[in-house]
């Protein structure tokens, strides 16, 4: 098969066709990792990794400080924790989530007035910078572009209330949860639709609904609550939507199909997701993305272990297409640069069809 | 159904108002507070833990059960004279240094409190010295170290090594848990036990305590 461009490869995979090789992407790269690998340059980091998918980011703010503050020299190094991509965030963000030194610690939304306050204005142009986004897409026409953001409705609803309070309100006053969920759904759908207008090829929507070994709410509840929300987002987006969630989401894959998702990401092996089983049961209808363990394998420097992990994933999921190799969550600050580089290099080497 | 059985059901189903009503009723029937706690409430929370471990109930159901339990204990505390409340044991809990996440730890704390353990919660970002200080002050049967970030796992290893070298061995068992924690990690770090979730933490804690007694 003749060599495809990254864009052709990814689009073929999303359409259920066989590409020239397994595409590769990541859901997110921690700023500390970008500093280690790319000297602080996201562009250089993406080039070094040789990814098929480049991200379109959606800017968020915490008390006026933008998400990208972690790459800024204006935010002191000690304020930038290894907790995620939000170094420098301290206080209550525009969604009502509480941050301390870059780590999420709770939420403040409790009332209808809080919903009005903490479902922020979409401010599409300010968030998405259309001129810059279109320029980057035009400069890299052989790459696939995805809106890559972790502001899906369920996770944001739960985080903006806080897990404990969310649980109480979920049982005592479900209507409030449903109201906030719909506001968050409509918000996200507008962002998704705008990214399509700017030239995104697909959406990679982060919405955590599970953790190790279990889902936050029962699969039955999840289906009733979230399928209508997700269907709305998929319809408004108009392009394929891949759903990212941490944790054990295997019981929710029927709901993912009902929602119209093109695929699912992270497929976290240490949370209990078995890539082989998922491929067997859903591989003809969902694009599977992820499963390379970023909790241990990508945090150490024995490259043969990395190659072994890549071989396992490709062996389990490559057949018939509909597989994109990726880390099982993100390239976080604890990842070893050599391991991550080798993961993607080796996947390119052995992932041919 | 007896009052204690009704109380058990109200805690199990997370019905806080009913829990309070049945506790009042139990007191009017002159049932001893400790019996109300152990048969009407601790046993319900044990069942909650088991159901949670088996994925038959989920986070919200577990949280509201713990809320009902907590509300019940608040009513009963004035009836427990001095410090005569009988605890199964004491556990010191904390999220390791450089990690600010407390959700998992708080769930575990709720389950331990709900099933009759005394809990000393050190909070988050806890350095190894503070774990040791608390162990020396509180003489717990267990210490639980929680971690949510992969990047802080070396701190967990360091803390366990520090506690061992400081003499924390048979007198106090060390449990670890959290999203990036695996049984292999726990074994390599020389912890005494590993809890995959809040629901199974109690059974695992009891097992390692029994190993200590033996």
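The values are calculated or read from the model by the stated rules, or taken from the named source; none is laboratory data. In this text, all values refer to a predicted model and were calculated from it rather than measured experimentally. Backbone-built Cβ (ideal geometry, glycine too); neighbour counts: all protein chains shown.
Matching residues to (1) on the phi > 0 side of the Ramachandran plot; (2) in contact (Cβ under 8 Å) with a residue 60 or more places away in the chain; (3) buried (at least 23 other Cβ atoms within 10 Å of the Cβ); (4) assigned to a strand (DSSP E or B):
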{"residue": "A:307", "(1), (2), (3), (4)": "no, no, no, no"}
{"residue": "A:319", "(1), (2), (3), (4)": "no, no, no, no"}
{"residue": "A:324", "(1), (2), (3), (4)": "no, yes, yes, yes"}
{"residue": "A:334", "(1), (2), (3), (4)": "no, yes, no, no"}
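The residue list B:124, B:168 contains one member that is touching a helix residue (DSSP H, G or I) at 6+ places or on another chain (Cβ under 8 Å) and either assigned to a helix (DSSP H, G or I) or more than 14 Å from every other protein chain (Cβ to nearest Cβ) (or both), which is B:168. Would you confirm whether or not the stretch B:194-212 contains a residue that is under 27 Å from residue B:77 (Cα atoms), more than 11 Å from every other protein chain (Cβ to nearest Cβ) and touching a helix residue (DSSP H, G or I) at 6+ places or on another chain (Cβ under 7 Å)? Checking the stretch B:194-212: at least one residue is under 27 Å from residue B:77 (Cα atoms), more than 11 Å from every other protein chain (Cβ to nearest Cβ) and touching a helix residue (DSSP H, G or I) at 6+ places or on another chain (Cβ under 7 Å).
Among residues of the stretch A:164-220 being surrounded by fewer than 20 Cβ atoms within 10 Å (Cβ to Cβ) and assigned to a loop (DSSP other than H, G, I, E, B), the one that is modelled with the lowest pLDDT is A:213. If you go through the stretch A:260-289 one residue at a time, how many are assigned to a loop (DSSP other than H, G, I, E, B), within 14 Å of chain B (Cβ to nearest Cβ) and buried (at least 22 other Cβ atoms within 10 Å of the Cβ)? Qualifying residue count for the region: 2.
Residues in the stretch B:92-104 that are modelled with pLDDT under 90 and within 16 Å of residue A:106 (Cβ to Cβ): B:99, B:100, B:101, B:102, B:103, B:104. Residues satisfying the criterion are present in the stretch A:45-57 (criterion: buried (at least 23 other Cβ atoms within 10 Å of the Cβ) and at pLDDT 95 or above).
Each row is one residue, and each column tells you yes or no for (1) within 14 Å of chain A (Cβ to nearest Cβ); (2) under 30 Å from residue B:135 (Cβ atoms); (3) in a helix (DSSP H, G or I); (4) touching a residue at least 60 places away in the same chain (Cβ under 8 Å).
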{"residue": "B:10", "(1), (2), (3), (4)": "yes, no, yes, no"}
{"residue": "B:20", "(1), (2), (3), (4)": "no, no, yes, no"}
{"residue": "B:48", "(1), (2), (3), (4)": "yes, yes, yes, yes"}
{"residue": "B:55", "(1), (2), (3), (4)": "yes, no, no, no"}
{"residue": "B:70", "(1), (2), (3), (4)": "yes, yes, yes, no"}
{"residue": "B:75", "(1), (2), (3), (4)": "no, no, yes, no"}
{"residue": "B:85", "(1), (2), (3), (4)": "no, yes, no, no"}
{"residue": "B:90", "(1), (2), (3), (4)": "no, yes, no, no"}
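If you go through the stretch A:87-105 and keep only what is touching a helix residue (DSSP H, G or I) at 6+ places or on another chain (Cβ under 8 Å) and either within 17 Å of residue A:164 (Cβ to Cβ) or not in a loop (DSSP other than H, G, I, E, B) (or both), you end up with A:96, A:97, A:104. When the stretch A:52-64 is filtered for residues that are part of a loop (DSSP other than H, G, I, E, B) and either without any contact (Cβ under 8 Å) to a residue 24 or more places away in the chain or out of contact with any strand residue (DSSP E or B) (no Cβ under 6 Å at 6 or more places or on another chain) (or both), the ones remaining, listed by number, are A:57, A:60, A:64. Taking the condition crowded, with 24+ Cβ neighbours inside 10 Å and modelled with pLDDT of 95 or more, does residue A:292 pass? Considered against the rule, which asks whether it is crowded, with 24+ Cβ neighbours inside 10 Å and modelled with pLDDT of 95 or more, residue A:292 comes out as yes.
For the stretch A:259-266, the count of residues that are out of contact with any strand residue (DSSP E or B) (no Cβ under 8 Å at 6 or more places or on another chain) and over 17 Å from residue A:10 (Cβ atoms) is zero.
Of everything in the stretch A:21-50, what is assigned to a loop (DSSP other than H, G, I, E, B), within 24 Å of residue A:243 (Cα to Cα) and touching a helix residue (DSSP H, G or I) at 6+ places or on another chain (Cβ under 7 Å)? Give them in sequence order. Once the filter is applied, which keeps residues that are assigned to a loop (DSSP other than H, G, I, E, B), within 24 Å of residue A:243 (Cα to Cα) and touching a helix residue (DSSP H, G or I) at 6+ places or on another chain (Cβ under 7 Å), the stretch A:21-50 yields A:22, A:23, A:50.
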